[in-house]
Every structure is written in C-alpha cells, then in structure tokens.
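See below for the structure under consideration.
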Amino acid sequence: GKNLWTDIKNGEQIGLYQATDTSDEAEHVVELIKNFIKLHPNIPLSQIAILYRTNAQSREFEQALMNSGIKYRIYGGIKFYQRSEIKSALAYLRLIQNENDNDAFRRIINFPARAIGKATLEKIEAGAKQNQCSLFTFIQTDSNFSKQKKIYDFIQLIINCKKTIEETNPPMELYEQALYIFEQSGFMNSYKNKEEVERLQNISELCNAMKQFSHLYHTNDLTQYLSVIALDTTNTQDGKLDTSDEIERIQMMTVHGAKGLEFHYVFIAGLVQDLFPSNFFGNCDIEEERRLMYVAITRAKRYLHMSYSEIRSNYGQQERCKRSQFIAEIPPKLVHVHNENDEIYQPPKKRMNIVQTIKLPSQTGFLTGKNLLNVAQWNKKK
C-alpha cells in the first residue's frame, strides 16, 4: 500500500453539527466562518472550503454567504441562479406571470423541443416588431401562426397553466405552482427521460427555495417572488464557470471537484443517507462513496467540520433524514459535537495526534467497514 506521512504534530477535533434543516446548516457553517475571519483576520479566504456531494446543495450556502457579505467562488461550477435549467424554469414562470416577457418567450418556445424552426422564429420576431406587440401576443393574434398545432399547443399551455393557478381553490403554494407548470410543459420529463440527475436536483432545490420564500414573506404570489429574485436572474445568457481572478474568496465545490486540492479549513455539508453516500435513481456504489468521503476528509490541513440536517426538502416537500453512515465510521473520541444532545457528544478538551505514517489498504480493501478514519490516534494527555 501507499505510505502517507505528515509533520503536523497536533490537530483540532473534528467538528460535527446536527442542524434542524438545510438553512440552519448553512447558517451555522457561515457563522463559524465569520468567527474564523474575526479571530484570525490574516486567514486567506481562499483557504476556507465548503464541500458538498451535489451542485444543487450550493444554493443555501450561496444565500447564507451573500447575507453575511462574504465573497465566495463556485470552484469549477456555476452559481445557482445562472445554471441553464434554472434559467429555463424561471422563464416558464416569468412568461405565465407576464405574457409580454419576450426574453422568457425566446428561451422556452422551443424547450422542450417543439419542432419550431429558426425560420419560424424569425417570422414571429418580424411580425411582432411590425405590429408593435409582444412575441406571445403576436402568435395569439396572427392566424398564420395560431392555427399551427405546435404553436397553438404552446399558446394553450401558457393560458391554461395561468388559468389553473389563478382559479384553483384553495390556492396552490408557490412551489406547487412551479411543479404544475414544469409537469404540464414537459419540462421535467425532458430531464427525467435522459436521467439528468444534476439538473433535476437543481430544479428540486429551486422548488425548495420557493417554499422558503412563501414561509418567509407569507405569500404565494408569483409576481412577488420573481421580483425579489430578479437581481440574480437579469442576465439572459447561461452562466459560465466562475474563473474570477479575485483569489480571496471562500471556495465552494463538490467533493469530486476538490480532488487534488487542500485547504486549511474544510466544511463538509449534507452528510445524510442517500445524499452522501448518494443513492440517485436507486444506484449506490458504497465503496466509491466511501472513497469520496475519504477524499473530502483529507482536503483539510488544519480543521475539519462536518454537518448534516434532520430535515431536507425535495421538490418543496420536507423529508426526515438519517445521518450518513460515514459519521459512525469515525471514532467518537475524535469528534466534538457542537450540539450536546447528539449521542457522540464530547467536550473539546483534548486534541488528537496524527499518526506519522498511514498505510492505506490495497484497492480491494480500501477503507472499508469502520476503518474510514483510522488515520489518527488519541492523545491521552490532559
């Protein structure tokens, strides 16, 4: 096996936090980061990393960091509201809320594919310009277009969705309005049919955000929601990878994206069953997931913090979670639990010594069972 070694003599206990929900989890992590920055102002922000299993998890942390005025970077990724599927999803909501939104119309008229070609779209643009009306109004009023089945179906989709949302009693919750539109339009199925897991996770997270908005502002008004998030979505182009030259930002990334990188302070978020280890579409390669957990843990040079939430949301619906089995594979004596009601709570009175030489098992027995963190031993000196 490979021999690993370190010159570092002492290290902090691993922090562990059990959050009530994902918002609480993100706020807790950001509060810790704020304290780090306050106590150690010379710490480069680029040496602090938040790791997660899926890109969809970034939204809560993006929001918490923005609320705290802390700059961040999505390493090798795109900010949540700039992702293609989020922009398309919001375009459906915007056109139903405002039929004069030409940018929204252009984005979704042929997504999912409706066999509406470039020549047809150019004629619609020219006709709307000549008649000084919106694109949607033009296809409704011009018989050359309104009688074409593919365009007629699109017109009816927008009109019927709007009518259903307005007339349903009791009123739909905000996230329910979105899900109804996404299902009726075929938007969701376009991703499901291709098993595009990451895009579906992002759509789910958008629904979660809408439910949070409803509870925060006590409203299910689509117009209010779209106006509040308008600053995040004004750019009509899809987002690009964050390659800012401004280095000093908190680094956020998936565990996959963290391979080969190291940071002084690492926060691993979302340690619940079926997320980490993942179980997308019922597929779980537990040994591969364990390897990824090992990668995540070993990104930290000075301090490691792990967190999970009791409740997560999926398409706006709250679900109770079990914490990741990987947490139980870490010796309890190495962990300081931030909330004392946790079963493996230990006060932070002791420190751990890193073993000078670590032997990794061969590939066939790589970090199996309860050997995930047999990389440290306890310093029994008080």
Lys163: passes all of (1) over 32 Å from the mean Cα position of the chain (by Cα); (2) open to solvent by 90 Å² or more (accessible area, probe 1.4 Å) but (1)
When segment 65-75 is checked residue by residue, the ones that are open to solvent by 10 Å² or more (accessible area, probe 1.4 Å) and either assigned to a helix (DSSP H, G or I) or assigned by the TED database to the domain that holds Asp103 (or both) are Met66, Asn67
message = in the same structural domain as Val29 (by the TED database), open to solvent by 60 Å² or more (accessible area, probe 1.4 Å) and more than 25 Å from Leu179 (Cβ to Cβ): is that true of Ala328 in this structure?
response = yes
In segment 263-303, anything among the β-branched types (Val, Ile, Thr) and under 18 Å from Gln13 (Cβ atoms) is listed as Val266, Ile268, Ile297, Thr298
Going through segment 185-219 in order, the residues found to be open to solvent by 60 Å² or more (accessible area, probe 1.4 Å) and within 19 Å of Pro170 (Cβ to Cβ) are His215, Tyr217, His218
Picking from Ile43, Ile37, the residue that is under 19 Å from Met306 (Cα atoms) and at pLDDT below 95 would be Ile37
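Quick grid of which residues meet (1) surrounded by fewer than 18 Cβ atoms within 10 Å (Cβ to Cβ); (2) at pLDDT 95 or above; (3) basic (Lys, Arg):
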| residue | (1), (2), (3) |
| --- | --- |
| Ile8 | yes, no, no |
| Glu12 | yes, no, no |
| Ile50 | no, yes, no |
| Ser58 | no, yes, no |
| Phe61 | no, yes, no |
| Asn100 | yes, yes, no |
Screening Arg312, Arg302 for residues that are at pLDDT 95 or above, outside any loop (DSSP other than H, G, I, E, B) and not small (Gly, Ala, Ser) leaves only Arg312
Of (1) part of a helix (DSSP H, G or I); (2) without any contact (Cβ under 8 Å) to a residue 40 or more places away in the chain, Asp24 fails just (2)
Within segment 152-181, residues of a type in the set (Phe, Trp, Tyr) and either touching a Cys at 6+ places or on another chain (Cβ under 7 Å) or closer than 22 Å to Leu216 by Cβ (or both) come out as Tyr175, Tyr180
All conditions in (1) surrounded by 20 or more Cβ atoms within 10 Å (Cβ to Cβ); (2) in a loop (DSSP other than H, G, I, E, B); (3) not polar (S, T, N, Q) are true of Leu261 except (1)
In segment 102-145, anything open to solvent by less than 20 Å² (accessible area, probe 1.4 Å) and not in a helix (DSSP H, G or I) is listed as Ile109, Ile116, Ser134
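The values are calculated or read from the model by the stated rules, or taken from the named source; none is laboratory data. In this text the structure is predicted, and so the values were computed from the model without any measurement. Using ideal geometry, Cβ is built from the backbone for each residue, glycine included, and neighbour counts are taken over all protein chains shown. In case anyone asks, the SASA skips ligands and DNA or RNA and just uses the protein heavy atoms, side chains included. Shrake-Rupley method; radii C 1.70, N 1.55, O 1.52, S 1.80 Å.
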